[in-house]
Structures are given as C-alpha cells and as structure tokens.
Amino acid sequence: MPGPVFAEGESVTLRTIEEEDLEFLQRGRNHPEIRRPLTDVDPQNGEQIREYFENGVSGDGDGFGFLICAPEESDDADGEDDDSEADPVPVGAVHIPWVRTKHGSGMLMYWVLPEYQGNGYVTEATELILDFAFEERRLAKVYAVVLESNVGSQRVLERLGFEREGVHRRESFVAGERVDNYRYGVLADEWLDQSET
C-alpha cells in the first residue's frame with residue numbers, strides 16, 4: 001500500500017514511495033506504452049528499479065518523487081456508495097529525480113498507467129509537485145524533455161505554463177528510429193505568479 005499522503009489535490013494524492021511499491025513501479029516502467037515515451041528501451045528488473053528508488057527517490061541525492069494515487073471506487077453490497085474512505089489506488093508516478101542544487105534546477109518526469117490516462121491525473125500531480133519544488137524546495141527552474149511524438153505530454157506542459165525552450169535533434173532512439181526531443185521549462189517566478197491568479 002502506498003505511503004502517507006504528502007500532497008492532496010481534488011482528484012489525486014501524492015504519496016511517498018515505499019519499498020512495497022517497487023513492484024508497481026517496475027510494472028509501470030516496463031509497460032510498452034510508458035517505457036517508450038520515457039525512452040527506457042531496456043527492460044528494468046527488480047534490482048534496477050530498487051537502485052533507481054534508492055538513488056533517485058530515497059537516497060542521499062536531492063531528487064524526490066511520489067506515487068500518484070486516485071481514490072478507489074468502492075460500492076457496498078447493495079450498490080450504494082460506501083461512506084468510508086476508499087483505499088488509494090496507485091495510478092502512476094511523478095518525480096524530480098535529478099536536482100542540480102548549485103543551479104537550483106530539476107528535471108521533471110511523470111507517467112500514468114494507460115487505463116488511467118485522460119483523467120487529468122498527470123496535470124494535477126504535476127501541479128502538486130511543482131508547488132512543492134518551487135515553494136518548499138526553492139528551485140529556480142524545472143524542466144522536462146519530451147519526445148516529439150508525445151503530443152499529450154507536450155499539451156500537459158504547455159497547459160501548465162511551460163515554454164518550449166529548444167529541440168534536441170534526433171536525440172533519442174525509439175521504436176527503431178531517431179526522434180527529436182523537445183525541452184520545456186518553467187521558472188519559479190512564472191509558476192508562482194500564475195498560481196496566484
């Protein structure tokens with residue numbers, strides 16, 4: 001079961017990643033519809049996921065990450081909604097695994113399992129992690145690198161106020177072909193100004 005609530009939105013919560021969540025992370029990061037946009041072309045076994053967890057999420061580094069959880073739909077036996085609080089369902093992850101402390105910048109990564117896509121979970125989870133990154137961690141900038149073919153992710157970033165800053169031509173090798181990467185970025189003052197309005 002995911003860890004405690006770290007941040008809460010209207011439809012998702014960000015929860016700490018615990019050791020028992022590593023199997024979920026492995027399943028997600030190996031899913032063909034997720035690993036290709038993340039440009040993870042090689043399978044990731046349990047040991048590799050553990051290393052990523054220890055170095056990028058729970059280690060001594062400055063990175064941080066969370067499970068994206070949605071409430072479980074629960075009905076009681078007679079078909080009525082149950083008033084008790086539903087257990088959280090992990091649907092994806094959002095991370096800023098690499099922080100350049102000296103420069104105050106971090107790289108954003110996220111994914112949601114295909115069966116939960118299209119519900120606004122990534123957008124809301126990204127808003128929550130950006131609030132934390134800028135308000136509490138005092139980062140000056142967060143950036144993301146997106147494949148040219150990942151139009152959905154580009155829309156999420158643009159909707160949140162990220163600017164396309166450049167193109168890394170034929171940077172990635174995905175599904176047998178070289179593709180461009182787009183780099184997006186948002187500055188702390190841009191994010192904080194738009195959050196106030």
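The values are calculated or read from the model by the stated rules, or taken from the named source; none is laboratory data. What you see is a predicted model, and the numbers here were worked out from it, not measured in a lab. Positions of Cβ are backbone-derived with ideal geometry, glycine not excepted, and every protein chain shown enters the neighbour counts.
Of note:
- Residue count for segment 1-39, restricted to those that are out of contact with any Ser or Thr (no Cβ under 6 Å at 6 or more places or on another chain), assigned to a loop (DSSP other than H, G, I, E, B), surrounded by 14 or more Cβ atoms within 10 Å (Cβ to Cβ) and not hydroxyl-bearing (Ser, Thr, Tyr): 9.
- Test: residue in segment 141-158 that is closer than 20 Å to residue 64 by Cβ, touching a helix residue (DSSP H, G or I) at 6+ places or on another chain (Cβ under 6 Å) and assigned to a loop (DSSP other than H, G, I, E, B): no
- If you go through segment 160-197 and keep only what is of a type in the set (A, V, I, L, M, F, W, C), outside any strand (DSSP E or B), out of contact with any helix residue (DSSP H, G or I) (no Cβ under 7 Å at 6 or more places or on another chain) and exposed (fewer than 15 other Cβ atoms within 10 Å of the Cβ), you end up with just 175.
- Candidate set: segment 98-112, residues that are touching a helix residue (DSSP H, G or I) at 6+ places or on another chain (Cβ under 8 Å) and buried (at least 19 other Cβ atoms within 10 Å of the Cβ); chosen: the one nearest to residue 164 (Cα to Cα): 108
- Whichever residue in segment 44-74 is assigned to a loop (DSSP other than H, G, I, E, B), over 17 Å from residue 113 (Cβ atoms) and at pLDDT 85 or above and, among such residues, is farthest from the chain's Cα centre (by Cα): 45
- Qualifying residue in segment 109-119 (condition: farther than 18 Å from residue 9 by Cβ and either of a type in the set (Val, Ile, Thr) or over 15 Å from the mean Cα position of the chain (by Cα) (or both)): yes
- Selection from segment 150-185 of residues that are touching a strand residue (DSSP E or B) at 6+ places or on another chain (Cβ under 6 Å) and either small (Gly, Ala, Ser) or under 15 Å from residue 123 (Cβ atoms) (or both): 153, 154, 157, 161, 162, 166, 172, 184, 185
- Every condition in (1) of a type in the set (S, T, N, Q); (2) more than 23 Å from residue 90 (Cβ to Cβ); (3) not in a helix (DSSP H, G or I) holds for residue 119 except the one numbered (2).
- Within the set 183, 138, 169, the sole residue that is closer than 23 Å to residue 7 by Cα and out of contact with any Pro (no Cβ under 7 Å at 6 or more places or on another chain) turns out to be 138.
- Residues satisfying the stated conditions in segment 75-131, i.e. among the hydroxyl-bearing types (Ser, Thr, Tyr) and at pLDDT 95 or above: 105, 110, 116, 121, 123, 126
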